[in-house]
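The values are calculated or read from the model by the stated rules, or taken from the named source; none is laboratory data. Source: prediction; values computed, not measured. So basically every Cβ, Gly included, is an ideal-geometry build from the backbone, and we count neighbours across all protein chains shown. Accessible surface areas use protein heavy atoms only, side chains included; no ligands, DNA or RNA. Shrake-Rupley method; radii C 1.70, N 1.55, O 1.52, S 1.80 Å.
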Amino acid sequence: MTRKTFTLFDPALAVPAVADAFRKLNPAVQWRNPVMFVVYVGSILTTILWLQALGGKGEAPAGFILTITIWLWFTVLFANFAEALAEGRSKAQAASLRGLKKETWAKKLLEPKYGAKWNLVPATDLRKGDVIVIQAQETIPADGEVIEGVASVDESAITGESAPVIRESGGDFSAVTGGTRVLSDWIVVRVTVNPGETFVDRMIAMVENAKRQKTPNEIALTILLVALTIVFLGVVVTLLPFSMFSAELANEVAGAGTPISITVLIALLVCLIPTTIAGLLSAIGVAGMSRMMQANVIATSGRAVEAAGDVDVLLMDKTGTITLGNRQASTFLPADGVTEAELADAAQLASLADETPEGRSIVVLAKQRFQLRERDIHALDAHFVHFSAHTRMSGVDMAGRQVRKGAADAIKKHVETLGGKFPASVSGKVDEVARRGSTPLVVADGTRVMGVIELKDIVKGGIKERFAELRKMGIKTVMVTGDNRITAAAIAAEAGVDDFLPEATPEAKLALIREYQSEGRLVAMTGDGTNDAPALAQADVAVAMNTGTQAAKEAGNMVDLDSNPTKLIEVVETGKQMLMTRGSLTTFSIANDIAKYFAIIPAAFVSTYPQLAALNVMGLASPASAILSAVIFNALIIVFLIPLALKGVKYRPLGAATLLRQNLALYGLGGVIVPFIGIKLIDLALVAIGLA
Amino acid sequence: MSNHAWLLLGLFLIVLLLTVKPLGTYIANVMEGRFRLAGKIENPLYRLCGIRPDDEMGWLKYAFAILLFNALGALVVYALQRLQADLPINPQAFANVSPDSAFNTAISFATNTNWQGYGGEVTMSYLTQMLGLAVQNFLSAATGIAVVIALIRGFARNTARSIGNAWVDLCRITLYVLLPLAIICAVVLTSQGVIQNFDAYKEVRTLEVTSFETPKLDEAGQPLKDEQGAVITEPAQTQSQTLAMGPVASQEAIKMLGTNGGGFMNANSAHPYENPTPLSNFIQMLSIFLIPAALCFTFGRLVGDTRQGWAVLAAMSLMFVTLAYAAMHFEQQANPLLTQLGVDPSAGNMEGKETRFGIAESGLFATITTLASCGAVNAMHDSFTPLGGLVPLLDMQLGEVVFGGVGTGLYGMLVFAIMAVFIAGLMIGRTPEYLGKKIEAFEMKMVSIAILVTPLLVLVGTAIAVMLADGRAGVANPGAHGFSEILYAFTSAANNNGSAFAGLSANTPFYNVMLGVAMWFGRFGVIVPVLAIAGSLAAKKRIAVGAGTLPTHGPLFVTLLIGTVLLVGLLNYVPALALGPVIEHLVLWAGQ
């Protein structure tokens, strides 16, 4: 699955974003962001003050008020632009996701029975209750219920199981899923969902939806930002009477004081309230979701992505996640009095008809070790015995021979039934193999136990390093497997996981998750099978594989389109990045205020108390240029930080304290220093172009 | 700063830190009900009042109990003042206190502010002092400690519905913590010469005739002013002096231990009968910080990790040392205008200070009393150098969280800690948590209210005062200093400090009412959200600490906490400070 990626200010996105920035000036939109709403109201006020000044009754020169007003409006527009740009990106991604949906056609029956007349309609026109017929080799166009007929259906697109399943009317096997294929025969299906309600549809809607729900941390942060805004509103509003009173007091002494102007007060307010973070807050959220999309993960909510950042225990299936999907035969261990070649021969015979990856790996090993070629099955006049859950063995009957392979206890039972004896030395070998973390298969020819085949799990390359990385993040990894304890322990050690759950049943998985949760940990889990669904539903963050069953996908709060279980690591990183970006920009925004005070306070009150010029540590040219520089800096910093908001603060797997120290130095200390430099430079530029 | 000042500061800190662990452990044991002598004393009291000590309260009920308790306390103090003329133990036959002054004083003592718009020895009968004011000194202090204990329980408990029983908490704190300490302290103070009697005031004949100028008062008792606004004075002569008497030592002890600060005498701890010697001065300073410092250890003990308590204490101590240094340093600077006139500058700024204390003892006392929301004074802050006066002002504006009032200081600091970990938690990419409790929207809402209330009361109150004629009337000094006086009054009231900048005539209906309102909301506008946080935290699961958890006991956290406190304080008050003490300083040093 490939998707178009965009450069940061791609014109295809930036141009409509500019238009959107103006469209978002609607007060109903502004109201959603209380901090920016204050800037918005401030801009309107200074606009009115400017008009008043034009009329000759201004509190300050009209030119000064105009420049302030323009830059206040820019502040609002820049914030709008950041949000529009982020939204544009995720809309574009949603559009490409929609392109993946195949256009399918449905045969809609006029009467709900087989053989009735049908019309060919696009699948998107199907409504709940419509009845359709699907014939061999056709794709089922929508989710529904079989009401007539029986057919074999290939559901591999959804479940990953290649074996076809039978779907028939009535009973447990009547539900069919859109996107699967009928292989043989026909069925009549009543559609059970309207278009736009299917799983993928809901995903797209979620990604596209600009009015996304705020995540819990975003709400908490917004509360803090609103509180800061109220504080500064209090500071600035009360400054007017303070200033008037001080001007009077100064007049008593020196007779020269004039109080502060409302334009300057509004400029001060806008500079002090946390506009930088408030302007970029929603862009950060939208960008986080869109980064997940780029990683081919669809989250059902921003809340889930954020929760991923908090995860401290990660449950993973062994098979397919930690090890390659299938085990491979690695060694033949013959019983006493049996040669390795004899064992290999018997093992190969027993596996010839075994199409499982394990079976094939045995044939391959026999060929590699002893050049045993595959024999012509028909020439042997053999009767193959397939694996069944009942016997737990497979093999072949031919020419009076009864060759079987299977789990040790199954073969033991088989041999003993035939009147043979299971040698103790073989039992010893079986245990030895299990201890190594491998799976032992025992081969028997009639009553003669030939020996043991070692099936080895192959741990994926590089997985150990990823687990080490997770450990540094403070996340504990737990391997979940159906293997016995000894096997599980060996693989766990090889892969470097922190803990493992052997002989896992759905109940055991659920119990384990609950246990971790009761200890106060947040659990993430990946899963694909229906039997994973209860555990997925219980986990705090649940990533379902796209190849998994519908039940698993419904239970999870994220779906990985690539079905790559290690993707969870990226999900965690993205979740953390979203929070870190918010936290860092908040710190930066608040730290900026120190420099802004130094720029504006002396400038604002120097008319009352000339001595306050001593606080003009930046040596700004004039009171007007000082105030203007601070306002311009405040507006421009939003634009400069858009890339950071969209890309996110870089996450490195370090301990919490180290990470905090680095980010505090960068965004806290940086936030104190940068505006001093920025404001001074803008002031110099203003002087250079003669505006100050 | 002189060697003497360094030595004093060092000695003070060492002695204080030595008391932290034993007293903190003791308070923790008392609050956990492990003080076994307790049953015999408490149970009859509970039976008498119909309290079931095992009935735990949710935060709303707890807050209601605290509010009710303090409202009733204020009512009693109001009634005592309004009726004192007809009540016994009034040897000087003082009249009933005016309604607005009584209202102000009642709220002032119920909120642990102890702002005094009145002169104690010329207004209050011994009965009012002892049954009204001294009782509130105990109860308001107990209230502060009870609230912080409830908050600590919020952190310590796991998915609990309740945060303790307010009545039991108040009772135990008063009986086993405040009373014993106050008795010890009072006895030690009397050894230094602090008086303790019920005598009528003594008239003594002075050796020489004293001539002085006295302000001419109008009928309302306010000083008359001429057209330029200067106070009109008239010459007077006297050869007799009235020496105020009273049960001072008993009141003095709890005034300090409970960070109350309401002096028996108008001159407060500058008065020789309240604070006669350098040693009594040292004991008073120590007793102000005693409980606030020990509570940090109690906090660590009760949440099961004493390092957490030490970290908070470290943050407080670092800020305290810095501010104390600033105050003593600036007071050591002489007034340049006086130096020009030939005054020896090496003595520092001795205006408004007691010679038996000097610069170091006065500067340190001023820092301690304003940091700890005590408000007792042994020197006149109004006479400090502009920057020396800025320090006490800033001390209060930091929100009374550096040691702070008993209980209130720690819960204020914990509120700042929650705010600090919120931003820091986001910066490391996790939902913020403190002591295993997730900080979410509800907590942030309450933290915001708790942090917002006080600065808004200060700023809006000051704004109203400078806009109205009633507010401006009380200003005694021209120029920026007049503004500083009003700012100081509202800062002191809303932060429940109670120290005064003098200079401002605040015993007027306007200031009595305005400051009374500021005190009440400055106190309970914080207590209620803090209890709400306690309730919400108690209900949460305690999350296990892992490698991804932000450690809240190291130097990094201490720095972060200090940074948050300073930033919030400065951002709130920089413009106001610039128009007050900062401009005064610039003007003074410019030689104007």
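Conditions (1) within 29 Å of A:Ser90 (Cβ to Cβ); (2) of a type in the set (Lys, Arg); (3) touching a residue at least 60 places away in the same chain (Cβ under 8 Å); (4) open to solvent by less than 10 Å² (accessible area, probe 1.4 Å), marked per residue:
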| residue | (1), (2), (3), (4) |
| --- | --- |
| A:Leu268 | no, no, yes, yes |
| A:Ser282 | yes, no, yes, no |
| A:Thr300 | yes, no, yes, no |
| A:Arg303 | yes, yes, yes, no |
| A:Ala307 | yes, no, yes, no |
| A:Val311 | yes, no, yes, yes |
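Checked against the criterion of being away from chain A (no Cβ under 11 Å), touching a residue at least 60 places away in the same chain (Cβ under 8 Å), over 30 Å from A:Ser246 (Cα atoms) and under 19 Å from the mean Cα position of the chain (by Cα), the candidates B:Ile527, B:Ile533, B:Ile562 yield just one match: B:Ile527.
I'd like to check something: does the range B:378-386 contain any residue that is over 19 Å from B:Leu257 (Cβ atoms), part of a strand (DSSP E or B) and either in contact with a Gly (Cβ under 8 Å, 6 or more places away or on another chain) or outside the structural domain of B:Gly563 (by TED's automatic domain parsing) (or both)? Yes, some residue in the range B:378-386 is over 19 Å from B:Leu257 (Cβ atoms), part of a strand (DSSP E or B) and either in contact with a Gly (Cβ under 8 Å, 6 or more places away or on another chain) or outside the structural domain of B:Gly563 (by TED's automatic domain parsing) (or both).
So which helices (runs of 4 or more DSSP H) are wholly in the range A:404-493 and hold at least 2 residues that are of a type in the set (Gly, Ala, Ser)? Spell out how you get there, then give the answer.
Numbers: elements: A:408-417, A:424-435, A:463-473.
Answer list for the range A:404-493: A:408-417, A:424-435.
Yes or no: the range A:222-231 includes at least one residue that is among the β-branched types (Val, Ile, Thr), surrounded by 24 or more Cβ atoms within 10 Å (Cβ to Cβ) and part of a helix (DSSP H, G or I).
No, the range A:222-231 contains no residue that is among the β-branched types (Val, Ile, Thr), surrounded by 24 or more Cβ atoms within 10 Å (Cβ to Cβ) and part of a helix (DSSP H, G or I).
Each residue in the range B:536-558 was checked for being modelled with pLDDT of 85 or more, more than 8 Å from every other protein chain (Cβ to nearest Cβ) and either farther than 25 Å from A:Val313 by Cα or open to solvent by 20 Å² or more (accessible area, probe 1.4 Å) (or both), and 7 pass. Taking the range A:602-616 as the range and being under 15 Å from A:Ala250 (Cα atoms), touching a helix residue (DSSP H, G or I) at 6+ places or on another chain (Cβ under 7 Å) and surrounded by fewer than 24 Cβ atoms within 10 Å (Cβ to Cβ) as the test, the residues that pass are A:Val606, A:Gln611, A:Leu612.
Between A:Gly619, A:Gly690, which is touching a Lys or Arg at 6+ places or on another chain (Cβ under 9 Å), among the small types (Gly, Ala, Ser) and surrounded by fewer than 18 Cβ atoms within 10 Å (Cβ to Cβ)? Please lay out each step first, then the result.
On the way: A:Gly690 fails: touching a Lys or Arg at 6+ places or on another chain (Cβ under 9 Å).
From the options A:Gly619, A:Gly690, the qualifying one is A:Gly619.
State yes or no: is B:Val475 more than 22 Å from A:Gly520 (Cβ to Cβ), within 7 Å of another protein chain (Cβ to nearest Cβ) and touching a helix residue (DSSP H, G or I) at 6+ places or on another chain (Cβ under 9 Å)? No, not satisfied. Within the range B:290-304, being touching a Leu at 6+ places or on another chain (Cβ under 6 Å) and at pLDDT below 95 holds for one residue alone: B:Val303.
Go through B:Val447, B:Val460 for me and flag whichever is more than 7 Å from chain A (Cβ to nearest Cβ), among the β-branched types (Val, Ile, Thr) and either in contact (Cβ under 8 Å) with a residue 40 or more places away in the chain or open to solvent by 10 Å² or more (accessible area, probe 1.4 Å) (or both).
B:Val447
Looking for whichever is at the interface with chain A (Cβ under 9 Å from one of its Cβ atoms) and surrounded by fewer than 24 Cβ atoms within 10 Å (Cβ to Cβ) here; the options are B:Ala441, B:Ala469. Which one fits? So that I can check it myself, show each step before the final result.
On the way: B:Ala469 fails: at the interface with chain A (Cβ under 9 Å from one of its Cβ atoms).
That would be B:Ala441, the only listed residue that is at the interface with chain A (Cβ under 9 Å from one of its Cβ atoms) and surrounded by fewer than 24 Cβ atoms within 10 Å (Cβ to Cβ).
The sole residue among A:Thr75, A:Thr124 that is of a type in the set (Ser, Thr, Tyr) and at pLDDT 85 or above is A:Thr75.
In the set (1) open to solvent by less than 20 Å² (accessible area, probe 1.4 Å); (2) closer than 25 Å to B:Thr111 by Cβ; (3) of a type in the set (A, V, I, L, M, F, W, C), B:Phe384 fails one condition alone, (2).
So which of A:Leu654, A:Leu641 is in contact with a helix residue (DSSP H, G or I) (Cβ under 8 Å, 6 or more places away or on another chain) and away from chain B (no Cβ under 14 Å)? Walk me through it before giving the result.
Details: A:Leu654 fails: away from chain B (no Cβ under 14 Å).
Testing whether each residue is in contact with a helix residue (DSSP H, G or I) (Cβ under 8 Å, 6 or more places away or on another chain) and away from chain B (no Cβ under 14 Å) leaves just A:Leu641.
Evaluated against (1) touching a residue at least 60 places away in the same chain (Cβ under 8 Å); (2) open to solvent by less than 10 Å² (accessible area, probe 1.4 Å); (3) at the interface with chain A (Cβ under 10 Å from one of its Cβ atoms), B:Ala518 falls short on exactly one condition, (3). Based on what the data block shows, is B:Lys40 farther than 20 Å from B:Ala327 by Cα and within 26 Å of the chain's Cα centre (by Cα)? No, not satisfied. Return yes or no: is A:Glu454 surrounded by fewer than 18 Cβ atoms within 10 Å (Cβ to Cβ), of a type outside the set (S, T, N, Q), closer than 27 Å to A:Gly496 by Cβ and touching a strand residue (DSSP E or B) at 6+ places or on another chain (Cβ under 9 Å)? In short, no.
Scan the range A:108-141 residue by residue and report those that are in contact (Cβ under 8 Å) with a residue 60 or more places away in the chain and open to solvent by 50 Å² or more (accessible area, probe 1.4 Å).
Step one: of the range A:108-141, the residues in contact (Cβ under 8 Å) with a residue 60 or more places away in the chain are A:109, A:112-114, A:123-131.
Hits for the range A:108-141 are A:Pro112, A:Lys113, A:Tyr114, A:Thr124, A:Asp125, A:Arg127, A:Lys128.
Against the list (1) of a type outside the set (Phe, Trp, Tyr); (2) free of Cβ contacts under 8 Å to residues at least 40 places away in the same chain; (3) open to solvent by 30 Å² or more (accessible area, probe 1.4 Å); (4) touching an Asp or Glu at 6+ places or on another chain (Cβ under 6 Å), the condition B:Leu571 fails is (3).
Close contacts from the range A:320-344, counting a first residue that is under 11 Å from A:Arg369 (Cα atoms) and a second that is modelled with pLDDT of 85 or more and open to solvent by 50 Å² or more (accessible area, probe 1.4 Å), with Cβ to Cβ under 6 Å and a gap of 6+ residues or different chains, come to A:Phe332/A:Glu340. Against the conditions (1) open to solvent by less than 20 Å² (accessible area, probe 1.4 Å); (2) assigned to a helix (DSSP H, G or I), where does A:Leu641 fall short? Just the number, please. Every condition holds for A:Leu641 apart from (1). Residues in the range A:604-638 that are outside any loop (DSSP other than H, G, I, E, B), in contact with a Phe, Trp or Tyr (Cβ under 7 Å, 6 or more places away or on another chain) and within 14 Å of chain B (Cβ to nearest Cβ): 2 in all.
From the list B:Thr306, B:Thr298, B:Thr370, the lone residue that is among the polar types (S, T, N, Q), in contact with a Gly (Cβ under 6 Å, 6 or more places away or on another chain), open to solvent by less than 10 Å² (accessible area, probe 1.4 Å) and not assigned by TED's automatic domain parsing to the domain that holds B:Ala417 is B:Thr298.
The numbered conditions (1) touching a helix residue (DSSP H, G or I) at 6+ places or on another chain (Cβ under 7 Å); (2) under 17 Å from B:Asn266 (Cα atoms); (3) open to solvent by 50 Å² or more (accessible area, probe 1.4 Å) are all true for B:Thr190 except (2).
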